[in-house]
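Comments concern the structure below.
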Amino acid sequence: MRRRLQTLFQRKFKVSLLFLLLLAILVHLVMDLALPAARRSCGCDAKTPKASGVPSGNPVLAGSKKLSLRILQDFSGSNGSLEKSSHPQGAGLQARAGEPGVRHQSGEGNVGRTEGSKLAALFEHPLYNIPIPEVTEKDKLFVVNPMENTLFLCPKPSPNPEFLGKAETLLPTGKTAYDTYPAWLKFHIGINRYELYPRQDPLMPTLLRDLATQRIVSSVQKSGGTQLKLIMTFPNYGQALFKPMKQTRDQETPIDFFYFSDFERHNAEIAAFHLDRILDFRRIPPVSGRLVNITKEIRDITTDKKLAKTFFISPAGNVCFYGECSYYCSTEHALCGKLDRLEGSMATLLPDKTLAKRRSWRSPWRRSYHKSKKAEWELNPNYCAQVRETPPYDRGHRLLDLIDMTVLDFLMGNMDRHHYETFEKFGNDTFLLHLDNGRGFGTHSRDELSILAPLRQCCSIKKSTYLRLQLLATQPYRLSDLLREALATDPLAPVLAEPHLRALDRRLGKVLEVVGRCLARADRSEEVLVDDMGSRV
């Protein structure tokens, strides 16, 4: 009898184990069916962003395991907030679905675009409503699956098994409606071959507001560069590049300073974004000013040990820090708040390079960065002819785009344009990214005409750019008035001192004079004004 009971018990125990095993298999099958997109292969071309090899600072591996798994969760709910989940750890969330973005004003969604304003009138002008070419799937930086509203990035397989198991081929994973994505992710999705963001962009107010007000959950130093910059992370995984205030608005760069010895100015980054938008280039990621609490929003939450060691209290009782960099990072160049409050610019970060690879190009008109040597373009008056025969300037509109950037730099007095970047996916047929504008707006009492060398030597400019410059020189659309109005909406207003605004009108006149001299020498105006509008007007 006892043996029969033991045998019966053993059989029931085995059946129970088998049942539990089948139940576990069933649960896994249900989970796999719930996330079909995670197993689906996607057809990406050879230029698709790679994810092989995870760079240092990659949040998928650098953060906690919970944080890595969070990358695979959808952003449904309010805005994908981490308010109730674990906070970011490690060296920052630098490679999330791309470096987060915060978008700025333009079109219907423009901050500061009020009834009867000059900005409103400008953006309704026909020259600001020239349509871009039709955007096809191959013209988009990222693709949203129309059936599931899922963002596909299609990186190549990574040799790292942990990365394969947790990040795989798409971000975010799951059937998440596009409307529930945080604003920075929508910004990244909207980037295409022809523009960084559209003129009529309802995202701009939200992006600007996020930059200025979102709670900062992580603050670490950005590596590289000659001056201190920080990567700030928000609860919704958005990120921004923080450039702290180094000098007051009324300070001018001393006349004896070399351009490479100049400070980077936080207010120049803010003003450059708005100026770029007014010129209708839209090639600078959105920027907003912000007043940061050094103690609570940097020192107390940083996981950067090197940065943490550089905080101190000044003799005046203010909180200061200086970080580590190759040039201006020392107690003599410390950044000090008023007590612990410090102004700075918060700039949208572009998608991480592991997801959207960018190519850096050396500018043909790069300066020598030497105290006594001159660059070739400063010595050779026929330098442009040489550039025109050199790829990628020998075809397409790359040279004209570079001249657009030249106009922007001259208006704000930026002599530090040694490189520029493009998205590699789009090849040569795309816009240039106007990044790193902190050395603009350093002087207002003098104009650096050498910045206009590409325009003066090549005597070519886009017809649309020239017509807009002419428009901005007229009284109803005076450039200084437009920029003043745009900057009035920034949290740190006034962003520029009045002399800098007045200098814009003077410099705009000089740009038009250079084009006028080119037109006077040319046999046909088409040789100078290159038609980039065609049948789209």
Item to complete: Return P(r) of segment 349-494 (all Cα-Cα pairs; 10 Å bins starting at 0; whole %; ordered from short to long distances).
Response: 9, 34, 36, 19, 2
Item to complete: With only alpha-carbon atoms counted, please give the Rg and Dmax of segment 401-444, in Å.
Response: 11.6, 39
Worksheet, complete the sentence: Cα-based Debye curve of segment 185-227 sampled at q = 0.24, 0.33 Å⁻¹ gives log₁₀ I(q)/I(0) of -0.91, -1.14
Worksheet item: Å³ per residue of the Cα convex hull, for segment 301-384?
Response: 198
Worksheet item: Using alpha-carbon pairs under 8 Å, 6+ residues apart, how would you state the relative contact order of segment 377-505 in percent?
Response: 25
Worksheet item: At a 1.4 Å probe radius, carbon and sulfur cover how many percent of the accessible area of segment 299-390?
Response: 48
Discussion item. Skipping prolines and chain starts, which residues have an amide H placed within reach, meaning under 5 Å, of the one on ASP340, given they are 5 or more residues away or on another chain?
Written reply: VAL319
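Give me D for segment 227-349 in µm² s⁻¹, whole number, from Stokes-Einstein with Rh from the Kirkwood sum over alpha-carbon pairs, 25 °C and 0.890 mPa s.
Details: Rh = 15.5 Å.
Reported coefficient: 158 µm²/s.
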Response to the item:
Semi-axes of segment 411-520 from the Cα gyration tensor (sqrt of 5 times each eigenvalue, largest first, whole Å) come to 23, 20, 15
Worksheet item: Can you tell me the Rg and Dmax of segment 470-518, counting just the alpha carbons, in angstroms?
Response: 12.4, 42
Discussion item. What's the whole-number percent of alpha carbon pairs in segment 199-287 lying beyond 22 angstrom?
Written reply: 40
Discussion item. Using amide H atoms built in the peptide plane, which far-off residues or other-chain residues are under 5 Å from SER218 H to H?
Written reply: THR233
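Which length gain, in nm to one decimal place, applies between PHE257 and ILE130 when the Cα-Cα distance is subtracted from 0.36 nm times their residue separation?
The PHE257-ILE130 span can extend by a further 41.5 nm.
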Practice prompt. Using only the alpha carbons of segment 359-402, determine the length spanned along each of the three principal axes and report them from longest to shortest in whole angstroms.
Written response: 35, 26, 14
Worksheet item: Gain in length, ALA24 to GLU513, computed as 0.36 nm per residue apart minus the alpha-carbon separation, to one decimal in nm?
Response: 168.4 nm
Item to complete: Go through segment 297-314 residue by residue and turn each phi into a ³J(HN,Hα) via Karplus (6.51, -1.76, 1.60, θ = phi - 60°); whole Hz please, and just put x for glycine and proline.
Response: 9, 10, 4, 6, 10, 6, 10, 8, 5, 5, 5, 4, 6, 9, 7, 7, 9, 6
Discussion item. As an exercise, use a Förster radius of 25 Å and the Cβ-Cβ distance of GLN475 and ASP447 to find the FRET efficiency, rounded to the nearest 0.05.
Written reply: 0.70
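Using 0.36 nm per residue of separation minus the Cα-Cα distance, give me the extension gain between ASN380 and ALA522 in nm, one decimal.
Working: separation 142, 0.36 × 142 = 51.12 nm, distance 2.06 nm.
Length difference between fully extended and current span is 49.1 nm.
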Worksheet item: If we count every other residue with Cβ under 14 angstrom of GLN470's Cβ, Lys/Arg +1 and Asp/Glu -1, where does the sum land?
Response: +2
Practice prompt. Over segment 495-537, give the accessible area per residue in Å² for a 1.4 Å probe, as an integer.
Written response: 54
Discussion item. Using a probe radius of 1.4 Å on heavy atoms only, what accessible surface per residue do you get for segment 285-343? Whole Å² is fine.
Written reply: 53
Worksheet item: Given a 1.4 Å probe and every protein chain left where it sits, what share in percent of the accessible area of segment 428-537 is carbon and sulfur?
Response: 51
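The values are calculated or read from the model by the stated rules, or taken from the named source; none is laboratory data. In this text, all values refer to a predicted model and were calculated from it rather than measured experimentally. FYI the Cβ positions are ideal-geometry reconstructions off the backbone, even for glycines, and counts take in every protein chain you see. Each accessible area value is taken on the protein alone, full model and side chains, heavy atoms only, with ligands, DNA and RNA left out. Shrake-Rupley method; radii C 1.70, N 1.55, O 1.52, S 1.80 Å.
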